[in-house]
2 protein chains.
Amino acid sequence: MARWQPDARERLQQAALELFAEQGFAATTVPAITERAGLTTRTFFRHFADKREVLFADEAELPAYAEQLVAQAPAGTSPLAIILEGLRGLAETRFEGRRDTIRQWRAIVATDAGLRERELQKRAAMAAAVRDGFRARGLDPTRAALLAETSTTLMYVSVTVWLETDDDRKLYDIIETALATLRATLDA
Amino acid sequence: MARWQPDARERLQQAALELFAEQGFAATTVPAITERAGLTTRTFFRHFADKREVLFADEAELPAYAEQLVAQAPAGTSPLAIILEGLRGLAETRFEGRRDTIRQWRAIVATDAGLRERELQKRAAMAAAVRDGFRARGLDPTRAALLAETSTTLMYVSVTVWLETDDDRKLYDIIETALATLRATLDA
DNA sequence: CCGATGATGACACGCCGTGTCATGACGGTA
DNA sequence: TACCGTCATGACACGGCGTGTCATCATCGG
């Protein structure tokens with residue numbers, strides 16, 4: 001029989017999510033999480049860099065994936081088309097059908113300033129990866145930075161709208177609408 | 001004679017800046033800052049919410065100011081024109097002529113992940129204020145959010161370009177160029 | 001002259017995050 | 001069967017951050 005129960009990392013995530021929902025992020029101590037998971041405090045910090053990170057671990061590999069996707073898109077594809085394709089994939093694989101889960105996740109993040117900061121950092125990491133992907137395919141650095149930042153803006157604002165609506169409007173439709181709105185606003 | 005030396009807050013900022021530059025942000029403890037400033041640790045946290053905040057205190061009132069500026073712009077002015085006017089004012093009053101200072105400031109922020117996170121939070125606070133300013137004048141909420149986020153993107157990317165160049169190109173010129181680049185990229 | 005105010009000092013304390021060494025299951029090898 | 005390296009975890013100490021709380025004492029208005 002194993003010395004330790006398996007899936008320590010997953011158990012920690014599970015315990016943390018439960019406790020955050022029950023009593024809030026700030027009121028939950030790391031020792032409380034590890035106690036529920038049957039581990040020690042030190043082990044928590046071997047799996048997650050800090051207490052906030054346990055809420056963001058699932059999307060850790062997204063930036064590297066996005067960078068590859070952008071860098072390796074077929075030659076000749078327009079930058080905007082690459083972005084839209086990427087956002088469509090993101091919307092379908094990681095958002096569509098999970099609206100309630102994402103709402104709950106956002107509710108937790110919204111309660112704590114530190115968590116909101118960490119979310120911004122994750123968005124920035126995504127933007128930096130996309131930017132580097134475009135630079136890798138030779139796009140002008142400034143244009144790459146602007147487009148990458150704008151893509152995360154489009155995604156974030158659209159997700160917010162998508163979460164606020166009650167009908168079953170597709171996230172990607174909202175993204176396309178947002179892009180049209182942004183274009184119109186910048187051309188005014 | 002006064003019981004305490006005046007300008008406690010300014011002395012703390014000064015001491016912190018010096019120590020961060022001398023030995024780095026992470027290696028500088030709050031007690032070290034307060035010792036140099038001739039105060040106690042507890043007093044530091046009465047003036048600044050946390051150790052990072054001492055580097056951002058000077059721009060604390062900017063978001064509220066920006067929100068007012070946007071909300072009270074002459075009726076009929078296009079949203080984009082309001083943004084460009086605001087960015088021009090920002091560029092001229094808080095950036096132009098201070099390039100070396102800002103470079104040093106950014107160098108400190110770049111060394112620490114926590115400081116980079118805090119900088120993102122400040123950008124987000126600016127964007128939220130601008131967004132609320134536009135909503136206050138009746139702009140569509142989604143359009144307000146997109147435009148606000150895009151305006152901070154324009155500013156941030158342009159400042160980065162401006163800091164990297166050695167010639168004396170005006171920041172506002174770079175902003176206008178960036179806007180043109182973004183338009184072209186989104187219309188492709 | 002007096003009471004309210006408000007900034008600072010002094011002190012205790014809980015929690016975060018890290019360094020370091022010990023422990024013991026697992027897998028490969030002879 | 002015996003041995004040995006690997007690796008995740010336990011155990012422990014510790015510095016630093018940020019907060020709660022009460023005391024101190026200049027300043028200011030009445």
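Close Cβ contacts (under 7 Å, 6 or more residues apart or on different chains) running from residues in the stretch A:24-45 that are free of Cβ contacts under 8 Å to residues at least 60 places away in the same chain to residues that are part of a loop (DSSP other than H, G, I, E, B) and open to solvent by less than 70 Å² (accessible area, probe 1.4 Å) comprise A:VAL30/A:LYS51.
Being in the same structural domain as B:PRO74 (by TED's automatic domain parsing) and buried (at least 20 other Cβ atoms within 10 Å of the Cβ): is that true of B:GLY133 here? Walk me through it before giving the result.
Numbers: in the same structural domain as B:PRO74 (by TED's automatic domain parsing): yes; buried (at least 20 other Cβ atoms within 10 Å of the Cβ): yes.
When the stated conditions are applied, B:GLY133 passes them.
Residues of the stretch A:169-187 being more than 11 Å from chain B (Cβ to nearest Cβ) and either in a loop (DSSP other than H, G, I, E, B) or without any contact (Cβ under 8 Å) to a residue 60 or more places away in the chain (or both), which ones? Scanning the stretch A:169-187 gives A:ARG169, A:LYS170, A:ASP173. Can you tell which of B:ALA148, B:ALA127 is in a helix (DSSP H, G or I), under 13 Å from the mean Cα position of the chain (by Cα), small (Gly, Ala, Ser) and assigned by TED's automatic domain parsing to the domain that holds B:ARG98? The conditions single out B:ALA127. Can you tell me which residue within the stretch A:167-182, out of those that are within 21 Å of B:LEU182 (Cα to Cα) and exposed (fewer than 15 other Cβ atoms within 10 Å of the Cβ), is farthest from the chain's Cα centre (by Cα)? Here the residue is A:ALA180. Considering (1) open to solvent by 60 Å² or more (accessible area, probe 1.4 Å); (2) in a helix (DSSP H, G or I), the lone condition that A:VAL159 does not fulfil carries the number (1).
Right, A:GLY76: away from DNA strand D (no atom under 14 Å from the Cβ) and touching a Ser or Thr at 6+ places or on another chain (Cβ under 8 Å) or not? Please lay out each step first, then the result.
Values: away from DNA strand D (no atom under 14 Å from the Cβ): yes; touching a Ser or Thr at 6+ places or on another chain (Cβ under 8 Å): no.
No.
Just so you know, in the stretch A:136-154 the residues that are surrounded by fewer than 19 Cβ atoms within 10 Å (Cβ to Cβ) and more than 9 Å from every other protein chain (Cβ to nearest Cβ) include one that is farthest from A:GLU22 (Cα to Cα), and it is A:GLY138.
Kindly indicate whether A:ARG99 is under 16 Å from A:LEU17 (Cα atoms), touching a Leu at 6+ places or on another chain (Cβ under 9 Å), touching a residue at least 60 places away in the same chain (Cβ under 8 Å) and in the same structural domain as A:LEU182 (by TED's automatic domain parsing). Give the derivation first.
Working: under 16 Å from A:LEU17 (Cα atoms): no; touching a Leu at 6+ places or on another chain (Cβ under 9 Å): yes; touching a residue at least 60 places away in the same chain (Cβ under 8 Å): yes; in the same structural domain as A:LEU182 (by TED's automatic domain parsing): yes.
Judged against the criteria, A:ARG99 is not a match.
For A:ARG123, indicate whether it is more than 9 Å from chain B (Cβ to nearest Cβ) and either open to solvent by 10 Å² or more (accessible area, probe 1.4 Å) or of a type in the set (Ser, Thr, Tyr) (or both). Spell out how you get there, then give the answer.
On the way: more than 9 Å from chain B (Cβ to nearest Cβ): no; either open to solvent by 10 Å² or more (accessible area, probe 1.4 Å) or of a type in the set (Ser, Thr, Tyr) (or both): yes.
It is false that A:ARG123 is more than 9 Å from chain B (Cβ to nearest Cβ) and either open to solvent by 10 Å² or more (accessible area, probe 1.4 Å) or of a type in the set (Ser, Thr, Tyr) (or both).
Cβ-Cβ contacts under 9 Å between residues 6 or more apart (or on different chains), taken from a first residue in the stretch B:157-168 that is more than 9 Å from every other protein chain (Cβ to nearest Cβ) to a second residue that is not in a helix (DSSP H, G or I), are listed as B:TRP162/B:ARG169; B:TRP162/B:LYS170.
Scan the stretch A:27-52 for residues that are near DNA strand D (Cβ under 10 Å from one of its atoms) and not charged (D, E, K, R) and report the count. Matching residues across the stretch A:27-52 total 10.
The values are calculated or read from the model by the stated rules, or taken from the named source; none is laboratory data. For clarity, every value in this text was computed on a predicted model and none was experimentally measured. Positions of Cβ are backbone-derived with ideal geometry, glycine not excepted, and every protein chain shown enters the neighbour counts. For the accessible areas, the whole protein counts, side chains as well, though only heavy atoms, and no ligand, DNA or RNA atoms are used. Shrake-Rupley method; radii C 1.70, N 1.55, O 1.52, S 1.80 Å.
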